[in-house]
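A quick write-up on the structure given underneath.
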Amino acid sequence: MRAVQDELANGRRVLVAARWPCSQSSKAGGGERGGACVLRGGRGTDGIKAGFLARPPQSPGCGVEMAFRGRRPEHGGPPELFYDKNEARKYVRNSRMIDVQTKMAGRALELLCLPEGQPCYLLDIGCGSGLSGDYLSDEGHYWVGIDISPAMLDAALDRDTEGDLLLGDMGQGIPFKPGSFDGCISISAIQWLCNANKKSDIPAKRLYCFFSSLYSVLVHGARAVLQLYPENSEQLELITIQATKAGFTGGVVVDFPNSAKAKKFYLCLFSGPSTFMPKVRDPESAGLYPLDSLLVGPRTC
C-alpha cells in the first residue's frame with residue numbers, strides 16, 4: 001500500500017497520508033533527508049545544541065485545570081468533524097484568533113532555539129489553516145503541515161500558504177522517513193489525542209504512536225515544541241509519560257502561570273542531549289518543569 005497518494009482538490013495538489021511511512025527515498029536539502037513524503041528541502045542543522053535546564057515546581061499540578069475555560073472543543077466530537085467549514089472560516093476571518101495563533105507559533109519557534117539566520121525544514125502538526133506555518137515562512141523556514149481536518153486544509157490552500165500539506169491522523173503516526181525534520185511545532189493539537197472518539201481509540205497507545213514516530217522523523221538533537229491545553233494534571237501526566245517512553249527528554253514551559261486567561265503550556269521535547277536554556281518570558285512568573293517532575297501520579301493543590 002502506498003504511504004502517500006495524490007488527491008486533487010480544486011485543481012491543487014493535496015497529500016493524503018496513510019498509516020505507514022514512505023519507503024521510497026528522495027534527496028532534500030542536498031542530502032538523504034527523507035522519503036517521498038519530504039516534499040521540499042531545507043538546509044540541515046547538524047548537531048543542534050538544544051536543551052532544557054529547569055527548576056522543580058513547588059506545585060506542578062496546581063492550576064492545570066484552569067488552562068482552558070469554557071466548553072472544550074475536544075468534548076464536541078472528533079476533530080475532523082468539529083473543525084468543519086464554519087470553524088475553519090473563523091481561522092481566516094477572526095482577527096483575534098489569528099493574532100493568538102500567530103503569537104503562540106512565534107513563542108513555539110522561539111523555544112525551538114534554532115540557529116540564527118539558517119533556514120530549517122520544520123514539521124507543523126495540526127497545522128490547520130496554515131496560520132502557524134505562515135509565521136514559519138515569514139521567519140525564512142520551510143515547512144510541512146499535517147492536519148486531520150479537510151476543511152482546515154482547504155482553508156490553508158485558499159490562503160496560498162507556502163508549506164506543503166498532508167491530510168492525516170497524528171494518532172496513527174507521522175508518515176516520514178527518519179531524520180527528515182530539523183524541528184517541529186504544534187499549536188493546540190495534541191490534547192485531542194487524550195480523547196477516545198470510538199471504541200478502538202486508546203489514548204495512551206495513540207499518544208505513544210504519535211511520540212515514537214515524531215522522535216523518529218526528527219534529526220538527532222532536534223526539538224519539538226508542542227503548545228497544548230491540558231484539561232487537568234492527569235491528562236498532562238498521560239501525555240508526558242508517553243513522550244518519555246518514546247525516548248524524549250525535556251520539560252514543560254508555562255508562560256504566565258498565575259493568569260487563568262493568559263496561561264500557556266508548551267511541551268518542549270528533545271531528541272538528543274539537552275544543554276541549552278530556552279528563553280523564558282517573564283522569568284519572575286514563568287514555570288520551567290522537567291518531565292520527570294510531572295510523572296508523580298495524581299496531584300491536588
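Worth a mention:
- Pair list, Cβ under 8 Å, 6 or more apart: segment 69-94 residue at pLDDT below 65, other residue among the aliphatic types (A, V, I, L, M) and exposed (fewer than 13 other Cβ atoms within 10 Å of the Cβ): none
- If you go through segment 239-258 and pick out every residue that is in a helix (DSSP H, G or I) and open to solvent by less than 10 Å² (accessible area, probe 1.4 Å), you end up with 3.
- The listed residue being closer than 22 Å to Pro175 by Cβ and out of contact with any Phe, Trp or Tyr (no Cβ under 7 Å at 6 or more places or on another chain), out of Ala88, Ala156, Ala151: Ala156
- Residue identified as in contact with a strand residue (DSSP E or B) (Cβ under 8 Å, 6 or more places away or on another chain), of a type in the set (Gly, Ala, Ser) and open to solvent by less than 10 Å² (accessible area, probe 1.4 Å) among Ala262, Ala224: Ala224
- Close contacts from segment 148-177, counting a first residue that is at positive phi and touching a residue at least 12 places away in the same chain (Cβ under 8 Å) and a second that is open to solvent by 10 Å² or more (accessible area, probe 1.4 Å) and assigned to a helix (DSSP H, G or I), with Cβ to Cβ under 6 Å and a gap of 6+ residues or different chains, come to Gly173/Cys209; Gly173/Ser213.
- Hits in segment 79-126 - residues which are of a type in the set (Val, Ile, Thr) and open to solvent by 20 Å² or more (accessible area, probe 1.4 Å): Val92, Ile98, Val100, Thr102
The values are calculated or read from the model by the stated rules, or taken from the named source; none is laboratory data. Note that the coordinates shown come from a computational prediction; the quantities given were computed from them, not determined experimentally. Cβ: placed from backbone, ideal geometry, glycine included. Neighbour counts: every protein chain shown. Side chains are part of the model used for accessible areas, which takes the heavy atoms of the whole protein and leaves out ligands, DNA and RNA. Shrake-Rupley method; radii C 1.70, N 1.55, O 1.52, S 1.80 Å.
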